[in-house]
1. For K162, which lysines qualify as cross-link partners when the Cα separation must be under 26 Å and same-chain residues fewer than eight apart are set aside?
2. So, how do all the Cα-to-Cα distances of the stretch 33-81 break down into 5 Å bins, in percent, from 0 on up?
3. Once the dipole of the stretch 71-167 is set up with Lys and Arg at +1 and Asp and Glu at -1 on Cβ about the Cα centre, which of S136, A88, C122 lies farthest towards its positive end?
4. How big is the Cα convex hull of the stretch 77-168 in projection, averaged over all directions, in nm²?
Amino acid sequence: MAHGIEQAGLVFPESAEVAVVQQQTPLGILADAVTRGLDPDTIRQLMDLADRDRKQRAEQAYNDAIVRFQMQPPKIVRSKQGHTGKYAPINEVLNAVLPVLSSLHFSVRWQFKVLDNGDNVCRCYLTHRDGHSQHSDFFAVRDTSGAKSGPQAIQSGRTYAKRYTLFDVLGLEQDVDNDGASVA
């Protein structure tokens with residue numbers, strides 16, 4: 001009988017070798033399984049196990065990093081006067097959060113889906129370098145306030161959506177948020 005721990009018909013090496021197996025890439029595991037002559041179903045199960053483990057580790061790394069971010073979030077200040085009150089422009093929001101996010105190995109990106117009526121749905125992705133990602137969606141209507149041209153109205157709505165999807169995916173609040181409501 002082979003040395004090691006037997007489980008479900010497979011022999012796993014002693015603890016010193018287990019650490020080496022855990023550090024292998026999926027292709028390394030596949031090559032090792034083929035070399036050992038394992039059947040395709042067992043190889044598939046090993047690959048699925050390796051993939052689930054990679055995803056769990058990536059999610060844990062994401063969760064650990066977002067907790068570190070939220071423990072000391074950057075202050076977002078409403079510095080620009082809008083129609084209904086002050087707001088934080090997207091460039092100022094990004095200047096505040098991107099250095100911290102980068103240090104925690106996050107990237108941010110947005111995608112827009114244009115609907116038949118010309119409105120947009122904005123999706124903000126926050127992705128950790130290990131591969132786990134979360135997203136937030138926001139319906140971005142054209143901002144027809146003021147004297148905006150058609151393209152300016154679209155871009156204004158998109159910018160608004162980018163700001164709020166980023167706040168959502170990061171779990172942030174601006175210093176005061178009373179859009180459209182007056183403070184007595």
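1. K75, K80, K86, K113, K148
2. Once binned at 5 Å, the Cα pair distances of the stretch 33-81 give 4, 17, 12, 11, 10, 9, 9, 7, 6, 5, 3, 3, 2, 1.
3. My answer, from the dipole projection, is A88.
4. Mean projected area for the stretch 77-168: 6.5 nm², to one decimal.
Just so you know, all these numbers are worked out from the coordinates, no wet-lab data involved. Model, not experiment: these values are computed from the prediction. Glycine gets a Cβ as well: all are built from the backbone with ideal geometry, and neighbour counts include every protein chain shown.
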